[in-house]
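The structure under discussion appears below in the form of structure tokens.
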Amino acid sequence: PLVYLNGEFLPLEQARVSVLDRGFLFGDGVYEVIPVYGGQPLRLEEHLTRLDGSLRGIRMTSPLSRAEWAEVVGRLIDGPDDQSVYLQVTRGAGPARDHAIPAGVTPTVFAMGSPIAPVPLAGVRAITLDDIRWRWCNIKAITLLPNVLLRQEAADKGCAEAVLVRDGRVTEGTASNVFAVIEGVIVTPPKGPELLPGITRDLVLELVQAEGLPARERAIPLDEFAGAEEIWITSSTREVLPVVELDGRPVGRGSPGRVWERVSALYQDFKRRLKSGVMA
Ligand code: PMP
């Protein structure tokens with residue numbers, strides 16, 4: 001399968017960028033991950049809108065039009081199996097290593113497809129960690145060192161995710177948004193600079209609201225979160241995934257909860273409709 005780099009489709013091994021690329025030197029760039037089911041991208045418009053927002057957040061504009069992005073994504077889709085398409089835009093290669101943004105630099109645009117691993121239906125374990133990231137977490141920046149180190153701390157403890165806590169409140173996972181069921185109500189932290197506005201998060205909220213399940217966007221103090229009946233994490237590649245153990249203690253009965261079962265069924269149904277072309 002080919003990858004996309006700066007207007008060309010070519011084999012991965014032939015895709016090369018300059019060592020002066022500011023993505024390489026400074027992590028100066030943004031990205032998107034779009035899930036694709038049955039050859040159909042999920043919420044492509046929403047992903048591209050978020051990409052525009054991330055670019056605006058780092059003083060860039062999209063180097064490709066919507067139609068051009070759609071064309072790139074379409075050409076990277078490889079068969080009907082579950083997959084994702086990764087898009088990355090960096091500021092490009094400057095004349096020298098200088099923090100300030102050089103004038104007239106050409107962005108580097110890269111995209112590739114990847115298979116999506118099946119989601120573990122039995123649920124996963126997670127730990128909570130201090131959210132040491134910067135304060136513009138609504139920008140989907142490639143500068144992911146804190147996320148990498150925090151996720152590795154979770155992995156070292158046999159956990160699939162670290163749920164991050166800032167000022168005593170849960171923000172999100174290192175690569176996911178978080179939901180909890182507290183006194184029967186589905187809750188998730190409100191959007192803002194402390195978390196990425198997840199496309200899966202929005203879709204889950206939409207699905208549960210359409211079903212008439214009680215849901216609220218509100219701040220979640222850690223002590224409430226730790227005592228929740230259910231905890232889920234959401235992301236494009238992990239869908240809606242139950243957390244069955246938090247910091248070594250069982251969440252609820254220590255197995256995927258009843259509300260998760262309903263929401264997961266709604267999500268799977270949404271995927272089926274997407275695959276069968278019943279929706280745009
Ligand atoms: N928060 C962070 C920090 C993430 O990296 C991701 C996934 N890349 C998410 C949330 C989930 O976003 P989405 O549902 O759009 O994949």
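Just so it is clear, none of the values below were taken in a lab; they were calculated from the coordinates. Since the model is a prediction, treat every value here as computed from it, not as a measurement. Cβ: placed from backbone, ideal geometry, glycine included. Neighbour counts: every protein chain shown.
Things to note:
- Each helix, a run of at least 4 DSSP H residues, gives -39500 (n - 2.57); summed and divided by the residues of the chain, these come to -8500 deg cm²/dmol at 222 nm.
- Of all DSSP-defined beta bridges confined to the chain, some 80% are antiparallel rather than parallel.
- Only one residue of M112, A122, C159 has its Cα farthest out toward the positive end of the dipole of the chain, where Lys and Arg carry +1 and Asp and Glu -1 on Cβ, and that residue is M112.
- Residue with peak Gaussian network fluctuation, the chain [Cα springs, cutoff 10 Å], from F179, F225, F26: F26
- Net charge of neighbours whose Cβ lies under 11 Å from the Cβ of C137, counting Lys and Arg as +1 and Asp and Glu as -1: +2
- Across D78, D156, D131, mean-square fluctuation computed from a Gaussian network of the chain (C-alpha pairs under 10 Å connected) peaks at D156.
- When the Gaussian network model of the chain links Cα atoms closer than 10 Å, the mean-square fluctuations of Q83, Q40, Q14 top out at Q14.
- Cα centre as origin, Lys/Arg/Asp/Glu Cβ charges: the range 2-115 dipole, Debye: 440 debye
- Whole-Hz ³J(HN,Hα) from phi, Karplus 6.51 cos²θ - 1.76 cosθ + 1.60, for the range 97-114, glycine and proline x: 7, 9, 4, 5, 6, x, 6, x, 7, 9, x, 9, 10, 10, 8, 8, x, 8
- Length added when fully stretched, A67-A117, from 0.36 nm per residue minus Cα-Cα: 15.2 nm
- The ranking of H99, H47 by Cβ neighbour count inside 10 Å, starting from the fewest, reads H99, H47.
- Here's the picture: charge each Lys and Arg Cβ at +1 and each Asp and Glu Cβ at -1 in the range 2-115, and of I101, A15, P63 the one pushed furthest to the positive end of that dipole is I101.
- Note, ³J(HN,Hα) from phi for the range 175-180, Karplus 6.51, -1.76, 1.60, rounded to Hz, x at Gly and Pro: 8, 7, 8, 10, 10, 9
- The range 121-127 - phi-based ³J(HN,Hα) in whole Hz, Karplus 6.51/-1.76/1.60, Gly and Pro as x: 5, 6, x, 9, 9, 9, 10
- Per-pair calculated FRET efficiency, R0 = 22 Å: R216 and D130 via Cβ, rounded to 0.05: 0.30
- Angle between the chain longest axis and helix 44-57 axis [Cα atoms, degrees, rounded to 10]: 70 degrees
- Exposed trypsin sites (Lys or Arg not before Pro) absent: longest stretch of the chain, with sites in DSSP loops and at most 15 other Cβ within 10 Å deemed exposed: 17-58
- Taken about its Cα centre, the chain carries a charge dipole of about 300 debye when Lys and Arg each add +1 at the Cβ and Asp and Glu each add -1 at the Cβ.
- Gain on full stretching of the segment that runs from D269 to E206 - 0.36 nm per residue minus C-alpha separation: 21.3 nm
- If R0 is 41 Å, the Cβ-Cβ spacing of L10 and E261 corresponds to a FRET efficiency of close to 0.40.
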